[in-house]
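Report on one structure; see the data block that follows.
Here, each number is a calculation from the coordinates, and none is a lab measurement. Keep in mind that what you see is a predicted model, and the values were worked out from it rather than measured. Neighbour counts run over all protein chains shown; Cβ positions are idealised from the backbone, glycine included.
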Ligand SMILES: *Cc1c(COP(=O)(O)O)cnc(C)c1O
C-alpha cells in the first residue's frame, strides 16, 4: 500500500475499518455486490448521492457515522468477509482449488502460467461503472468487461485509454422531447483512480513530439482487480488550448481533434508503457482508433537500426485488431491532406516515402483507420459470426485474392458485473459452490432445473419491483428540482405496475436501431398497452450522438407518443441512459427488445445481460442473436433475411413484432396458475439462462481470444524478440 492517495484516504478512517480506503480504490468492488453493500450500509443516502462513488463517500461521511459503524456488528462482519474475499482474489484472481492447490483459471485451462509480458489492450473508451463516465456505449462496456475477465482469470493485461474531463454527455429531455446534452467537468481527485507518479514521487508527465509542438500528458490509473488501466490526460497548462481539450470529450466530430486524439492514444500508449517499464507481448487494438500505436513501435525499431519492412513485420507479428463497425460511416477515415497536416514528416522518421506511408492506410484514396489497422496487425476479428462475414465482405477489396483475413470471436458479458445480487444468491444455492469458476461450462447450468418455480419467480418479482422503485425515485428527484413539466414525471415511469409485463428497449438512438419500429402501428401499440386484463408496459432509454440530428428526432417522435395520455403512463422514457440505468433495466424487465436493421448490429451485448437475469430476448436475427436463438429461448423478429429495400424490411419486421407480442408473448406471460406463477414463461426463462449465460460470457470469449489470438501472437513476439537480440 504505497500509493499516497490510497494512504491518505485510509488515514481518514477508524483503524478497525481502515482498509475500506484500499477497497475503494480497486474497482474490484464494481463486480462484488457485497462490497457495494458494505459502502451502502455505512451511509445509504450518501451512497446514492455520490452516484455510488466510495472515494467521495468515505471522504464526506461524518466521523460520527464512521465511529458508530465501528460498533455495528453487521458492518464489521461484512467488512471482514469482504476483505477476506478481496485478499484471496488479489493473491490469485478467481481461483480454482485443485487437489488442495490453488490455481488461476488461466492455469487450469492452459497449463502453466503466462510467462510473457502482459497483453496491452488499447481503447478509446472503457465502461467500468457509472462513476467513471469514460464510455459512450457498447464498445466501452465490452472493453471494461474484457479487463475484468482478464483479472478474474489471472491473465496478465494492462489497459490504456483516456480520462475524459467531461466524460460522455448527460442527457436531458425537454418537454417537447428534444435531447439536450450537458457536460459537467469531473473531479478527478474524488474518483476511484490514482495519479501515476515518477520515481521521485512527482506526477509522471510524458511528452510527445507532434507536428509543430510538444504535447504533454499525465497519467491516471484505475485498478481493476489485478489489471491496471492507465488513463491519459492532456489537460495540462503546458499544452496549447487545443491540445488540452484532446481528452475533454469522447468522439469529437471535429476531424482535427479526432486525428490528434488517435495520435495521442496510439503513440502515447507506447511511450507510457515504456516509461513504466512494461513490455507487452501482445498489442490488442479495440477498434481502429488506437492503431497509430504501430507507428511508434516501428519507429523504435527503425531507430535501433532496423529496416522499415522488417520492423513493420515484427510489429505486425504480435498485433491484434478487433473491428466493431459494420456501418461504413463508423470507420474513421481522413483525406490525405488531413494526414499531411497532422503526421507530416513521420514517414521520414520511419525511413519511407509519403506514398509508401499513405499506402499503409489507403482506403480507396483516403486514409482509413480500419484498413491501416488491418495492415499493421497479424490477426483481426469481428465480434459475432455474422459480423465476421460482413467485415470480410466489407474489406475484401483490400486483398488481391478477395479473402480478407478477418475471423470472428463473438462478444460476451462479464457475468458478475451484470448479474443481480438476488439472482446470484439463487445461483449460489442451486448451481453448486464455485459455479463462478465453471460459468462457461454448459453442464453448470443444467442445475437450473433444480430451482423451484416459486423461488425463481419470487426473485424475478423482486427485481421488477426494484426497477419500478428506481424509476419512481429518479422521477421524484427530478420533480423536486422544479425543472420538469408534470407530464414528464408520468413519462419517466411513476405509473409502472411491477406485476404487469415490462418490456425494455435501451440503446443508442442511431437510426439503424429502429427505436420507433413499434410506432409503425400506433393503434395496435395502444391496444396492447391498454388491454385492461393483460397490459403491456415498455421502458425506453438511450442517447443519440449530440450531432446526430435524425437520431434526436427519433427520440422526439417516441417521446410524443409516450407523453400522450392514451399511453396511460405505461410507455416510459428514462433519461440519461448509463451503466446504472442499464443495470436496473436488464435486471428488472421481462422482455428485452432489440430491433436493429440487419446486418448493422455487430454483436450487441445488452440482450446477454438481460438473459442472465431472467429476461427473455425478442430480437431481430442480427449480431449475437443469430447464434444465441434456438427457438425455445426467446423470439426472433422477422426472418434471417436481409432486404434490399429498407422500407420493406421495416414493414415486415414491424408486422412480425406485433404478431409475436399479441399472439405469443403477452398471453404466455399472463398465463399464471392459482398461485400467480407463469409456469410456461418460467420454462422459457430457464432455457434462456441455460443456453445464453455460459456461451455469451466474457469467460468463453476471453478463452477464445487466448487460444486463437494471444497465445499464437505471444509466440510470434518471442520469435521477433530473439530476432531483435541477434540483430543487436
Ligand atoms: C451493455 C451496454 C451497452 C451495449 O448494449 P447494446 O446491446 O450494444 O446496445 C450500451 N450502453 C450501456 C450503458 C450498456 O450497459
Euclidean distance between Cα centres, the range 348-387 to the range 405-471, Å: 41
Helix 138-153 axis, angle to the chain major axis (alpha carbon atoms, nearest 10°): 80
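For the range 609-691, what does the alpha-carbon gyration tensor say about shape, rounded, prolate or oblate, given a ≥ b ≥ c as the root eigenvalues, a/c under 1.5 as rounded, and a/b over b/c as prolate?
Verdict is oblate for the range 609-691.
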Descending semi-axes in Å of the range 1-148, equivalent ellipsoid built from Cα gyration tensor: 30, 21, 13
The range 163-221 - percent relative contact order, Cα under 8 Å, separation 6 or more: 25
Residue exposure sequence - 429, 218, 514, 59 - by fewest surrounding Cβ within 10 Å: 429, 59, 218, 514
Taking 343, 163, 102 and counting other C-beta atoms within 10 Å, the order from fewest to most: 102, 343, 163
Mean Cβ count within 10 Å, highest first, over the residues of peptides 383-396, 645-658, 706-719: 383-396, 706-719, 645-658
Extended-chain gain in nm, criterion 0.36 nm per residue less alpha-carbon gap, residue 300 and residue 74: 75.8 nm
Mean separation of Cα contacts under 8 Å (6+ apart) over length of the chain, as relative contact order %: 12
Average Cα contact separation per residue, the range 27-73, under 8 Å, 6 or more apart, as relative contact order %: 27
Calculated P(r) tail over 15 Å for the range 336-411, as whole % of Cα pairs: 60
Within the chain, percent of DSSP bridges classed antiparallel, to nearest 5: 40
Pairwise centroid distance, computed over Cα atoms, of the range 528-546 with the range 50-83, Å: 39
For the chain, calculated [θ]222 nm from helices alone, where every DSSP H run of n ≥ 4 adds -39500 (n - 2.57): -13000 deg cm²/dmol
Protection-proxy order for peptides 83-90, 491-498, each taking the mean of Cβ atoms within 10 Å per residue, highest first: 491-498, 83-90
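Could you calculate the contour length gain from residue 18 to residue 565, that is, 0.36 nm times the residue separation minus the distance between their Cα atoms, to one decimal place in nm? Write down the numbers at each step before the final one.
Numbers: separation 547, 0.36 × 547 = 196.92 nm, distance 5.34 nm.
So the extension gain works out to 191.6 nm.
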FRET E, pair residue 88, residue 190, Förster distance 25 Å, beta-carbon r, rounded to 0.05: 0.30
Rough spin-label spacing in nm, given labels placed 7 Å along Cα→Cβ, for residue 450 and residue 252: 5.6
Degrees separating the helix 385-395 axis from the principal Cα axis of the chain, which is the longest one: 40
18 Å reach of a label modelled at residue 580, 7 Å along Cα-to-Cβ, counting backbone N of the range 148-176: 166-173
Over the chain: Rg over Rh, Cα atoms, Kirkwood Rh: 0.96
Computed over the range 409-520, the ratio Rg/Rh where both radii use C-alpha atoms and Rh is Kirkwood: 1.07
The range 571-646 and the range 151-224: distance between their alpha carbon centers, rounded to Å: 30
Efficiency of FRET from Cβ geometry, residue 2 and residue 200, R₀ 22 Å, rounded to 0.05: 0.95
